[in-house]
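Beneath this line is the structure, given in C-alpha cells, with notes to follow.
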C-alpha cells in the first residue's frame with residue numbers, strides 16, 4: 001500500500017547501463033515497480049544483453065565505471081534477451097502508466113526512449129506524467145551554503161552572497177563538519193572503510209575530490225590505471241596520448257576551441273610528450 005493517490009498506474013523505474021552516455025550506451029538491467037490505483041504493486045525486472053550497435057561500442061563495450069557501480073558483466077548477460085527481443089514485453093508492462101525515478105528525467109527515461117528509437121519503435125511520451133524524485137530531494141532539501149550553515153551550525157546566513165559572509169560561513173561549516181564527522185566511518189564502492197573527515201587538509205582533499213582530475217575543469221582525468229583519459233565527447237575514457245598519436249588534429253581543435261587555459265596547458269604537456277616519443281622512436 002502506498003500513500004500515492006493515483007488515477008492510473010505509476011511505474012517507478014531504475015536502469016543499469018553500459019555507461020552514462022544516453023546517445024551511445026545501452027540498458028543492461030531494467031527494474032519497474034508498477035503502483036496501481038488500488039494501492040497494490042507489481043514488480044518486473046529484466047536483464048538485457050547489449051548489442052554492438054556502433055563501432056565505438058564494439059571497441060569499448062561496458063565501461064569500467066559502469067561495471068564498478070552495478071557489477072553486471074557482459075558475460076553474465078550472454079543468454080539474456082536483447083532490448084529488441086524484450087521490447088514488446090516492456091511496452092505492454094508500461095502501457096499508459098506515468099513514470100517516476102531518481103534522476104529519471106535526465107537519464108533513465110531518456111535512455112529508455114532512446115533504446116526504443118534505435119529499434120524503430122516508440123515509447124509514446126505524450127500525456128504521460130514524469131516524476132523525478134531527485135528533484136523533490138534537491139528542491140526541498142537544498143544543498144547550498146545557507147542550508148549547510150543552518151544544518152551544521154544552527155544559524156541563519158545573513159548577507160548571503162557577499163564574499164565575506166559566505167567565506168566566514170564556509171569556515172564555520174567546515175569546522176562543524178570536522179567536529180561532527182571526525183570519528184564517523186565511511187565506505188563506498190571505491191573507498192574501503194575509513195575515517196576520512198579529519199582536521200588534516202590532505203585527508204579532506206582526498207575525500208572531497210569528485211574526479212581524479214588532471215586539469216581543474218576535469219576534462220582530463222586519471223583512470224583506474226593512472227592513465228590520462230578524456231572525460232568528455234567522442235573520445236571519452238580514451239587515452240589522451242593514444243588519441244593525439246592517431247588524431248593530432250583533435251589536439252589542434254581543442255587548442256582553438258573554448259576550453260579553459262589550464263586544460264590547454266595540460267593537453268599541450270601531453271601532446272609534447274607524444275611528439276618526443278615519436279622523435280625518439282625514429283632515431
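Values quoted throughout were computed directly from the atomic coordinates according to the rules given, and no laboratory measurement underlies them. These numbers come from a predicted model, not from an experiment. Positions of Cβ are generated from backbone atoms using ideal geometry, with glycine treated the same way; all protein chains shown enter the neighbour counts.
Give me the extension gain from residue 198 to residue 227: residue separation times 0.36 nm, minus the current Cα-Cα distance, reported in nm with one decimal.
Details: separation 29, 0.36 × 29 = 10.44 nm, distance 2.92 nm.
Gain on extension, residue 198 to residue 227, equals 7.5 nm.
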Checklist entry - Highest GNM mean-square fluctuation, the chain, Cα pairs closer than 10 Å: which of 83, 230, 207? => result 207
Checklist entry - With each pseudo-label sitting 7 Å past Cα toward Cβ, what's the residue 178-residue 91 distance in nm, one decimal? => result 6.0
Checklist outcome for this item: For the residue 255, residue 64 Cβ pair and Förster radius 30 Å, calculated FRET efficiency rounded to 0.05 is 0.55
Checklist entry - Out of [x] 55, 55, 35; [y] 62, 56, 35; [z] 67, 61, 37, which label holds the value of Cα extents along the principal axes in Å that was computed here? => result [z]
Checklist entry - Where both residues lie in the chain, what percent of DSSP beta bridges are antiparallel, nearest 5? => result 70
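Once you have a ≥ b ≥ c as the square roots of the Cα gyration tensor eigenvalues for segment 220-282, tell me rounded if a/c is under 1.5, and otherwise prolate or oblate according to whether a/b is larger than b/c.
Numbers: a/c = 1.63, a/b = 1.19, b/c = 1.38.
Oblate is the answer for segment 220-282, as a/c is 1.5 or above yet b/c matches or exceeds a/b.
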Checklist outcome for this item: So residue 117 and residue 205, fully extended at 0.36 nm per residue minus their Cα-Cα distance, gain in nm 27.4 nm
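Taking the beta-carbon count within 10 Å as an exposure proxy, list 278, 236 from fewest neighbours to most. Spell out each step's value before the answer.
On the way: 278 11, 236 17.
Final ranking by Cβ density, sparse to dense: 278, 236.
If the chain between residue 277 and residue 191 were fully stretched, how many nm would it gain, using 0.36 nm times the residue separation less the Cα-Cα distance?
Numbers: separation 86, 0.36 × 86 = 30.96 nm, distance 3.53 nm.
Extra length from residue 277 to residue 191 when fully extended: 27.4 nm.
Using the beta-carbon distance between residue 165 and residue 130 and R0 = 41 Å, what value does 1/(1 + (r/R0)^6) give for FRET efficiency, to the nearest 0.05? Working shown, then result.
Details: r = 38 Å, r/R0 = 0.93.
Here the calculated transfer efficiency is 0.60.
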Next on the checklist: Below 8 Å, C-alpha to C-alpha, sequence gap of six or more: please give me the relative contact order for the chain in percent.
Outcome noted: 10
Checklist entry - Percent antiparallel among DSSP beta bridges with both residues in segment 10-137, to the nearest 5? => result 70
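Would you mind ranking 161, 3 so that the residue whose beta carbon has the fewest other beta carbons within 10 Å leads the list? Please report the intermediate quantities before stating the final value.
Working: 161 9, 3 5.
Neighbour counts put them in this order, fewest first: 3, 161.
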Checklist outcome for this item: Highest GNM mean-square fluctuation among 85, 75, 114, for the chain with Cα springs under 10 Å, belongs to 75
Checklist entry - What distance in nm separates the simple spin-label points at residue 36 and residue 7, each placed 7 Å from Cα in the Cβ direction? => result 2.0
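Between residue 146 and residue 14, what is the FRET efficiency for a Förster distance of 22 Å, r being their Cβ-Cβ separation, to the nearest 0.05? Could you put the intermediate results ahead of the total?
Values: r = 32 Å, r/R0 = 1.43.
For residue 146 and residue 14, the calculated efficiency is 0.10.
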Checklist entry - Using the Cα atoms of segment 38-186 to build a convex hull, what is its mean projected area in square nanometres? => result 15.1
Checklist entry - Where a ≥ b ≥ c are the square roots of the eigenvalues of the C-alpha gyration tensor, would you call segment 142-208 rounded, which needs a/c under 1.5, or, failing that, prolate if a/b is larger than b/c, or oblate? => result prolate
